[in-house]
Every structure is written in C-alpha cells, then in structure tokens.
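Encoded as structure tokens, the structure appears first; notes follow it.
The values are calculated or read from the model by the stated rules, or taken from the named source; none is laboratory data. Please read these numbers as outputs of a predicted model, since none were measured by experiment. Positions of Cβ are backbone-derived with ideal geometry, glycine not excepted, and every protein chain shown enters the neighbour counts.
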Amino acid sequence: MDEGGEFLEWFGTTWQAAEAALYAGDAGPRFSTWSSIEPVTLFGASRSATGAGAVRDVFLALASSYSDMTSFAIELGAAEAHGDLAYTAHREIIAMSVGGHSGRYVLRVTQAYRREDDAWRVVHRHGDQERDADRILRRRDAPASTSTLATAGSEALNTAMDDRDEFLAWFETTWQAAEAALHAGDAGPRFSTWSSIEPVTLFGAWFSASGVDDVREVFRKLGESFSDTATSTVELLAAEVSGDLAYTAHREITAAAVDGRPRSYVLRVTQVYRREDGTWKVVHRHGDEELSSMR
C-alpha cells in the first residue's frame, strides 16, 4: 500500500473512531491521534489554542460538554499525503448533545497531519460551522444519500519532497504579494499562486467552492469587491513542509474597502500547498473571521 492509501486507511479507521469517542464525551482517543511535538495549533469552531498542552485542555473541556452522540459521518472533499505530511478538507456531520441540548451539526474542517515514528498524528485543526448546513442535512437525509469517505479524494493521494526555508521564502514574498494585490482589487496574482490541478478546494470566510473553475470565480468576485487597502499583514503561527506538500496556520490582518465600505478584520486561515514543477501552489484554503475582529 502506498503512503496515500496508508494515510487514508488510518483516517477512515483510527482517526474517525477517536472523533466519534470525543463527540460521545471521551477525549482520550483524540489525545492518541494528536501530536505532542510542536507546532500544534487549533482554530476551533468554538475555541482556539496554540501549543500541545493548551490544545489538550480545549479537548477536555469539549468532551465534558458532549454526550448522547447518535450519529457521526465524514464527507471527505480532498486529501493528499506527501512524505511525512498530509491534509484533509472534509465535513463532519454529528447528531449529539452539547451542554445538554440535542442537535445536528455540520462542521467544515481542514486538518494537517504529521507522520511521527511511522504513525500519523494531527498537528493542526481548523473547524467552523457550515453556513449551508440545512442543505447538506437534507441531502444526507434523502434515500440515495451515501457516505463519501471511502471514495472521495483517494485519487488525489500521491508523493514527493522539499525544504521549509524555500517554501517560507515563497510564502513571504510571492504569496503575500498576491494576497495584497487581491485586497487592492486585482485577483490576477492570486490566480498565479493557486493550482489548476484537482483537487482544489475553498472553505472561504464568505464563499466556499470546489474545483478550479468555481474557486477562480469566487476570487474574481472578491477582487471586484476589494479596494483601497490600508493594511494587509500576516501573522504566521505554524508551517511545515514534507515532500511536495506544505501547510500554514496563520492570521491575516486586513484594513480595506469591501464593496466601497471601509472594514477592518482578522481572518484565521489554514492553507495547504502542493509543489508542482518546482513551484508552490495553493490547493486548499480555509478562512473564517475571528469573532473579536468583526466590525
């Protein structure tokens, strides 16, 4: 079995079982699937944390509020494994009680994984509430609904390798210049930093999309809405590279006009990158606004 198939098997068994246990109120199995080697970061749907100890404290608090889990399913949108790094972009659909209140929840989730001593471990999670949850729940409730865990994303799993310093140099120059151009109203440079090879996915702060063409259409809309950038800075929290795969967990601090109205906001952003013909390209972005920055 190649490393992609090995990773996906672990994801569909060990990792999924640990998540089901957490939603039933037991954080222990999740601890065993997470790394204790820094950097370890969490952009959670309800809480964020940096550092393995702080992240574990969040998991204990979450488990104490969860109970009566009756169903847990995964819809895997994209996945890749290169060297000792992997990522997934997926949705989690859960029926459970939170703080004693029963409900059904749909989360958009991006995770990064590191292989440590031949065992996969989660090193970063970015989760937020799916804005179109009702549509997804209706689709899953339809008679023909089937889980995509066993099939989705498997064609995307492949292999290769590179250096962190080279990646960060690209991230701090080419990629950041493209983002600054987008916030000034020009989407062209962002197109050049994104892959045109599937899978390409977007869990955006305002729009989501799957597939190169749909993602590019979102970028065109964003470029048309942005202007008059006063501030566009990045606060990098974590970054790793293995093979031809890399990820970053960072914050983007922006002051710009959106549809002609001045706005200042901070986004929590997880991005995954693939090296193609010697050049880094973004293949997945997950962004949402920090609540304290919404104004």
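A few comments on the model shown:
- Of the numbered criteria (1) within 22 Å of V283 (Cβ to Cβ); (2) surrounded by 19 or more Cβ atoms within 10 Å (Cβ to Cβ); (3) modelled with pLDDT of 95 or more, the one I94 fails is (1).
- Flag for A144 being modelled with pLDDT under 85, assigned to a loop (DSSP other than H, G, I, E, B), crowded, with 17+ Cβ neighbours inside 10 Å and not assigned by TED's automatic domain parsing to the domain that holds E289: no
- Selection count where residues are in contact with a Ser or Thr (Cβ under 8 Å, 6 or more places away or on another chain) and either in a helix (DSSP H, G or I) or within 13 Å of A119 (Cβ to Cβ) (or both), scope region 1-18: 8
- Screening T229 with (1) modelled with pLDDT of 95 or more; (2) touching a Ser or Thr at 6+ places or on another chain (Cβ under 8 Å); (3) within 15 Å of L267 (Cβ to Cβ) gives one miss only, at (1).
- Of the strands (runs of 3 or more DSSP E) that lie entirely inside region 25-89, those containing 1 or more residues that are in contact with a Ser or Thr (Cβ under 9 Å, 6 or more places away or on another chain), of a type in the set (A, V, I, L, M, F, W, C) and in contact (Cβ under 8 Å) with a residue 12 or more places away in the chain span 41-43, 66-82.
- Considering G243, G153, G223, the condition of being surrounded by 20 or more Cβ atoms within 10 Å (Cβ to Cβ), more than 13 Å from R274 (Cα to Cα) and at pLDDT below 95 is satisfied by G153 alone.
- Residue within region 197-206 that is assigned to a helix (DSSP H, G or I) and out of contact with any Leu (no Cβ under 8 Å at 6 or more places or on another chain) present: no
- Scanning region 90-119 for residues that are acidic (D, E) and under 21 Å from the mean Cα position of the chain (by Cα), we see that the one that is nearest to A238 (Cα to Cα) is E116.
- Residue within region 269-282 that is part of a strand (DSSP E or B), within 20 Å of the chain's Cα centre (by Cα), more than 21 Å from T201 (Cα to Cα) and assigned by TED's automatic domain parsing to the domain that holds E172 present: no
- Selection status of T173, polar (S, T, N, Q) and closer than 23 Å to R275 by Cα: yes
- Some residue of region 117-131 being more than 13 Å from F43 (Cβ to Cβ), of a type in the set (K, R), surrounded by fewer than 16 Cβ atoms within 10 Å (Cβ to Cβ) and not assigned by TED's automatic domain parsing to the domain that holds P199: yes
- Test: F43 is modelled with pLDDT of 95 or more, over 19 Å from E116 (Cα atoms), within 21 Å of the chain's Cα centre (by Cα) and among the hydrophobic types (A, V, I, L, M, F, W, C): yes
- Restricting region 20-40 to residues that are closer than 23 Å to L85 by Cβ and surrounded by 15 or more Cβ atoms within 10 Å (Cβ to Cβ), the residue that is farthest from the chain's Cα centre (by Cα): P29
- Scan of region 246-264 for residues that are under 13 Å from F226 (Cα atoms) and assigned to a strand (DSSP E or B), ordered by number: T254, A255, A256, A257, V258, R261, P262, R263, S264
- Among the candidates G83, G100, G53, residue that is in the same structural domain as T33 (by TED's automatic domain parsing), at positive phi and at pLDDT 95 or above: G100
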